[in-house]
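Right, one structure below, let's go through it.
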Amino acid sequence: MADQPTATERFLQGILPENPVYRQLLGLCPTLAVTNGMQPAITMACSVAFVLICANVVISLLRNLLKPHLRIVIFTLTIATFVTIADRVLAAYLYQMSKTLGPYIPLIIVNCLIICRCEVCASKQSPFIAASDALGQSLGFGLALVSIAAVRELLGTGGLFGYQLLPAAWPDWVIMVLPPGAFITLGLLLGLVNWYSARKSGGSI
Amino acid sequence: MNYLIDIVLIALSAAVINNFVLYYFVGICPFIGVSRRVDMAVGMGCAVTFVISIAAFLSWTITTMVLIPGAPISSFIAGFFVSKEAAATVDLTVLSYIVYIFSISSSVQFVEMYVRKFFPALYKSFGVFLPLITTNCAILFACLTIMSNVAGVENPADAWDLGRSLTLALFGGIGFTLAIVIMSGIREDLDLCDVPEPFKGAAITLVVGGILALAFMGFTGVDSGLRKAMTPAEEVAMEMSVEPIQTAMIEPNLQQQIRGIND
C-alpha cells in the first residue's frame, strides 16, 4: 500500500484540495436544502460528520470481508444504521431542529459523499487512516455548508443566527432563503472557487 | 369526489408546484451529471419514474403491513410471544430507514436483471442508469414522504392509501423527468454560448437551475386555489376563483412559506 496516501495527507486533502462540495460536487442535496440558515447548516454538518466517521471506521474494519458485488449494499446498510441513531438522538434532544430538517436527515443515507468515501478510502485502508479521512472530509463539508449558509442568511434576512447585522434599511432579499437562492448562491460560489484556484495555479484568466 | 380532488392535487403538487428537483433538491446529482443531452435525460427520467413507482408500492405495503403499530404482520408474529394487547402496540417505525434502503437497492437489482433478460433493447437505452438510481435521493424521498403520511398522521382516517402513494411517486417521477429534460435542452444551447471559464460546467448549470426554480415558483398557490375552487358548490366557486388564484392566493402562501423558513 505504498502508493496510498497517509493519514495526514487524507485529512488535509479533504478540507480544501478535495473539498467534497466545491471540488467533487458530492452531497449537493443537503448542501442546497438546509443552508437557508446557519443553525440547520451546522446541525446537518455535525450529523454528516458523525455518520461519516462511524461508517468509515466500521467499513474499514470490515474491509477484508467485503465481497465486490455486495459491497454497496453493505455500505448503505451500515450508513442507514448510523443515520437512524443520529435521527433518534436529534429527535430526542433537538426536537424543533429535527422537525426543521425533516426528511433531509434520513436522506444522509443516500448522500453520495459518504458512499464515495467508503469506496475510495475506507474499503482499502486501515481504520485510523479512514477516520482521519472522514474527519477531513466532514470538516470540508461543514466549511462549504457554513459558507453557503452565511451568504444566504446574511442576504436573505440581514443577519446571522437570527441577530441583525446589516442596517435595518437593508431590503431582505427573500429569494436567497427560498429554493432558487440556493442554486444561484452555490453556482456563484462554485465559480468563485474555480476562478480563485485557477488564478493561484497560474492559469491564464 | 373528495378522493378525486385529493389525487389531482397530490399529482399536481408533486409534478410542478413542489417539484422534486427544483423545490426539494432531491435528485440533484443526476440533474447536474446526466443533463448534458436530451436523449440521455429522457432515459434517466424514465428509469427513475419506473423505479420510484415500484419503490413506493413496496414501501407503502411494508409500512402498512409491518412497520406501524397494530400492523397485521408484526402483531401476528408478536402475538406468539406476548399478549394480544401488547402485540398491537409493537412499533417498528424506527427500522424504516434500513428497510427502505434495503428494499430500494434490492428492487433496483431485480429490475435490472429482469430488464436485461427480457427487454434487451430497453436495457440498452436506460439500463446503464439503473445502478446509479440506488443512490438517487428522489426514490428514498418519495418513500419517506409516504411514510410520514401513513405513520406520522394523528388521525388514522387521514393515512394515505395505496392510490395516493402511487400517485405521489408516479407524478414525482414525471416532475423529475420534466425538470431534467428542460435542463438538458437548455444545456445543449448553453454549449454554444460564451461562458466565462471558471463558470463552465456545474457552476453555470446551477445558476440556470436557480432561474428555472424561480420560474417554477410561479406555480406556488395553485394547489390551495384549486382546492378552494373544487370543494364548495362548484360552478359558483369556479367563476370566483380565477381572479384570486392569480393575485391574492399567491401572496399569503408565499409569505407563509417565507415565515416558515425564517422560523
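The values are calculated or read from the model by the stated rules, or taken from the named source; none is laboratory data. This one's a predicted model, so the numbers in the text were calculated from it and none came from an experiment. Cβ: placed from backbone, ideal geometry, glycine included. Neighbour counts: every protein chain shown. Surface areas here come from the heavy atoms of the whole protein model, side chains and all, with no ligands, DNA or RNA. Shrake-Rupley method; radii C 1.70, N 1.55, O 1.52, S 1.80 Å.
Accessible area per residue was computed with a 1.4 Å probe on protein heavy atoms; A:Tyr95 scores about 130 Å². Computed over the alpha-carbon pairs of region A:7-142, the distance histogram in 5 Å steps reads 2, 12, 21, 24, 20, 13, 7, 2, 0 percent, short to long.
Taking the protein assembly as shown on its own, what percent of its Cα-Cα pair distances exceed 31 Å?
Looking at the protein assembly as shown, the distances longer than 31 Å represent 46 percent of pairs.
Ranking A:Gln24, A:Ala182, B:Thr61 by Cα position along the charge dipole of the protein assembly as shown, where only Lys, Arg, Asp and Glu carry charges on their C-beta atoms, puts A:Gln24 farthest toward the positive end.
Restricting things to Cα coordinates, could you compute the convex hull volume per residue of region B:21-70 in Å³?
Dividing the Cα hull volume of region B:21-70 by its residues yields 83 Å³.
With the whole protein complex present, B:Asp191 retains an accessible surface near 110 Å², based on a 1.4 Å probe.
Of the residues A:Pro68, A:Pro20, A:Pro171, the one that moves most in a GNM of chain A with alpha-carbon contacts below 10 Å is A:Pro68.
From largest accessible area down, sort B:Tyr24, A:Tyr93, A:Tyr196; use a 1.4 Å probe on the protein chains.
A:Tyr93, A:Tyr196, B:Tyr24
Between A:Ile85 and A:Leu188, the contour length at 0.36 nm per residue exceeds the alpha carbon distance by 33.6 nm.
Mind checking the mean number of beta-carbon atoms from other chains within 10 Å of the Cβ atoms in A:189-200?
4
Using a 1.4 Å probe on protein heavy atoms only, how many Å² of accessible area do B and A hide from each other, summed over both chains and rounded to 100?
Heavy-atom accessible area buried at this interface is about 3500 Å².
Rolling a 1.4 Å probe over the heavy atoms of the protein chains gives the protein assembly as shown an accessible area of 47 Å² per residue. In the context of the full protein assembly, A:Asp172 retains an accessible surface of approximately 80 Å², using a probe radius of 1.4 Å and ignoring ligands and nucleic acids.
Summary of packing: across the peptides B:38-51, B:77-90, the per-residue average of other C-beta atoms within 10 Å ranks them, highest first, as B:38-51, B:77-90. Neighbouring Cβ atoms from other chains, within 10 Å of the Cβ of residues in B:207-219, number 5 on average.
Note on B:187-199: average number of Cβ atoms from other chains within 10 Å of each residue's Cβ is 2.
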